[in-house]
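Structure first, then comments.
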Amino acid sequence: MKVFTGAVLAGLLAALGCAAGAAAQTGDEAMAAFYRGKTVNVLIGVGVGGEYDLHARLVARFIGKHIPGNPNIVPQNMLGAGGVKMAAYLLQVAPKDGTNIGMIAGNFPAMQAAGVSAIIFDVAQLQWLGTISQTVETMTVWKTAGVSTIQEAMTKEVVAGASGKGAITYSFPQMLNEFAGTKFKIVTGYQGGNAINLAMERGEVQARNNTWSSWKVTKPNWLRDGDIKVLTYAGPKPADLNGIPAVSELVKTEDERKIIELIVSGTLMGRPLATNGVPADRLAVLRTAFDRTMQDKDFLAEAAKLQIEVEPVGGAELQKIAAQVLATPKHLAERARSLIE
């Protein structure tokens with residue numbers, strides 16, 4: 001057996017270290033060579049101005065400088081079926097090379113678990129990159145609704161606006177009707193949250209589901225002036241919603257709580273970005289770019305200016321959460337289907 005002297009061993013280790021460094025450098029250079037001069041599309045499945053759109057465009061402004069080669073980042077709105085059209089394009093049509101990223105509806109894993117027919121693709125194929133923060137879903141009423149607590153909404157009909165069946169704006173009040181005994185009359189057909197907000201101002205509807213963070217970002221004046229009131233919420237308890245009951249407090253059985261957890265599992269996903277079919281090394285680059293964007297001082301300054309809370313969840317963790325949602329026991333998922341679809 002050959003014995004190496006200390007000097008020889010040190011030389012061998014140094015050579016190995018240099019080789020590893022060169023290999024890593026070569027990998028970085030290859031990624032930079034691939035992305036340099038290219039355009040990365042950030043696809044947004046809803047209209048301009050809502051929380052999904054704001055989050056996607058904010059990330060798009062800064063993520064390019066954290067991707068090797070600094071590609072151009074172009075946000076594009078692709079409307080249709082509450083984000084289904086865009087997700088179908090990402091999964092079934094877009095090149096699988098890391099040049100297309102989508103801002104995916106957080107409730108798509110739950111919809112697939114429940115067997116909703118609108119999900120015409122396999123959510124399990126998505127490769128998650130990360131989300132700026134998890135969310136809190138609320139049920140909120142306009143000042144003229146004639147109710148100010150969830151208990152009062154159990155005794156009086158309140159008209160709620162929604163985009164359509166399958167959207168959280170529909171399934172949230174329908175879930176409350178089913179498990180908490182509220183009397184929301186749900187009117188569908190509105191093209192996104194801004195349209196529902198206008199309908200509330202006009203008196204067409206009196207209530208809507210929305211995330212707590214979205215209310216604070218898009219309608220802080222409504223909160224300040226008392227134009228809206230939160231009746232209940234689902235998701236992590238916000239420090240600034242003291243005294244408001246969680247939906248889980250309104251139900252009677254453990255199975256009902258689990259069904260509600262599935263329906264509102266989108267709160268754990270937040271406003272997530274994902275890609276599809278990308279090689280592992282390129283996926284790692286995109287996830288790292290997202291993580292570094294979340295720490296970028298200019299990004300954080302802009303997020304603060306927009307009143308967007310940054311408590312990020314990385315891509316690997318989102319992958320686990322989505323897998324757990326998709327693995328929901330079938331008998332519970334089937335009970336949730338009528339509320340989600």
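The values are calculated or read from the model by the stated rules, or taken from the named source; none is laboratory data. Quick caveat, the model's predicted, so the values are computed rather than measured. Cβ sites come from the backbone with ideal geometry, for glycine too, and all protein chains shown count toward neighbours.
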Fill in: Selection count, the stretch 136-148, where residues are surrounded by 15 or more Cβ atoms within 10 Å (Cβ to Cβ) and more than 15 Å from Ala234 (Cβ to Cβ)
4
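Residue check: is Phe172 surrounded by 17 or more Cβ atoms within 10 Å (Cβ to Cβ), aromatic (Phe, Trp, Tyr), in contact with a helix residue (DSSP H, G or I) (Cβ under 7 Å, 6 or more places away or on another chain) and not in a strand (DSSP E or B)?
In short, no.
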Worksheet entry | Test result for Thr293, hydroxyl-bearing (Ser, Thr, Tyr) and touching a Phe, Trp or Tyr at 6+ places or on another chain (Cβ under 6 Å) | yes
Worksheet item: Pairs under 9 Å by beta carbon, first residue on the phi > 0 side of the Ramachandran plot in the stretch 261-273, partner among the hydrophobic types (A, V, I, L, M, F, W, C) and not in a helix (DSSP H, G or I), six or more apart or different chains?
Response: Gly270/Ile132; Gly270/Val313
Worksheet entry | Cβ pairs under 7 Å, 6+ apart, first in the stretch 109-130 and part of a loop (DSSP other than H, G, I, E, B), second of a type in the set (Lys, Arg) and surrounded by 14 or more Cβ atoms within 10 Å (Cβ to Cβ) | Ala114/Arg337; Gly115/Arg337; Val116/Arg337
Practice prompt. Please tell me if Trp212 is more than 18 Å from the chain's Cα centre (by Cα), within 25 Å of Glu152 (Cα to Cα) and not small (Gly, Ala, Ser).
Written response: no
Item to complete: Would you check which residues across the stretch 80-92 are in contact with a strand residue (DSSP E or B) (Cβ under 9 Å, 6 or more places away or on another chain) and modelled with pLDDT under 95 and list them?
Response: Gly83
Item to complete: Those residues that are in a helix (DSSP H, G or I), closer than 19 Å to Gly130 by Cα and of a type outside the set (A, V, I, L, M), I need them from the stretch 295-338; list them, please.
Response: Gln295, Lys297, Asp298, Phe299, Glu302, Gly315, Glu317, Gln319, Lys320, Gln324
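Can you tell me which residues in the stretch 50-94 are part of a loop (DSSP other than H, G, I, E, B) and surrounded by 17 or more Cβ atoms within 10 Å (Cβ to Cβ)?
Gly50, Ile67, Pro68, Gly69, Pro71, Met78, Ala94
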Discussion item. Quick check on my filter: what residues within the stretch 219-235 are under 17 Å from Gln134 (Cα atoms) and surrounded by fewer than 23 Cβ atoms within 10 Å (Cβ to Cβ)?
Written reply: Gly235
Response to the item:
If you go through Leu268, Leu262, the only one that is in a helix (DSSP H, G or I), of a type outside the set (Ser, Thr, Tyr) and under 23 Å from Leu58 (Cβ atoms) is Leu268
Practice prompt. Look at Gly192 and say whether it is in the same structural domain as Ala239 (by TED's automatic domain parsing), of a type outside the set (Phe, Trp, Tyr), under 27 Å from Pro312 (Cβ atoms) and touching a residue at least 60 places away in the same chain (Cβ under 8 Å).
Written response: yes
Item to complete: Please go through the stretch 307-337 and pick out each residue that is polar (S, T, N, Q) and either in contact with a Gly (Cβ under 7 Å, 6 or more places away or on another chain) or touching a residue at least 24 places away in the same chain (Cβ under 8 Å) (or both).
Response: Gln307, Gln319, Thr328
Worksheet item: Does at least one position in the stretch 267-289 carry a residue that is exposed (fewer than 15 other Cβ atoms within 10 Å of the Cβ), among the polar types (S, T, N, Q), outside the structural domain of Gln174 (by TED's automatic domain parsing) and over 23 Å from Asn107 (Cβ atoms)?
Response: no
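Results for (1) more than 16 Å from Leu286 (Cα to Cα); (2) modelled with pLDDT of 95 or more; (3) surrounded by fewer than 24 Cβ atoms within 10 Å (Cβ to Cβ), shown as yes or no for each residue.
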| position | (1), (2), (3) |
| --- | --- |
| Lys96 | no, yes, yes |
| Ala105 | yes, no, no |
| Met111 | yes, no, no |
| Gly115 | yes, no, yes |
| Ala118 | yes, no, yes |
| Ala124 | yes, yes, yes |
Discussion item. Name the single residue that is surrounded by the fewest Cβ atoms within 10 Å (Cβ to Cβ) among those in the stretch 149-169 being of a type in the set (A, V, I, L, M, F, W, C), at pLDDT 95 or above and outside any loop (DSSP other than H, G, I, E, B).
Written reply: Met154
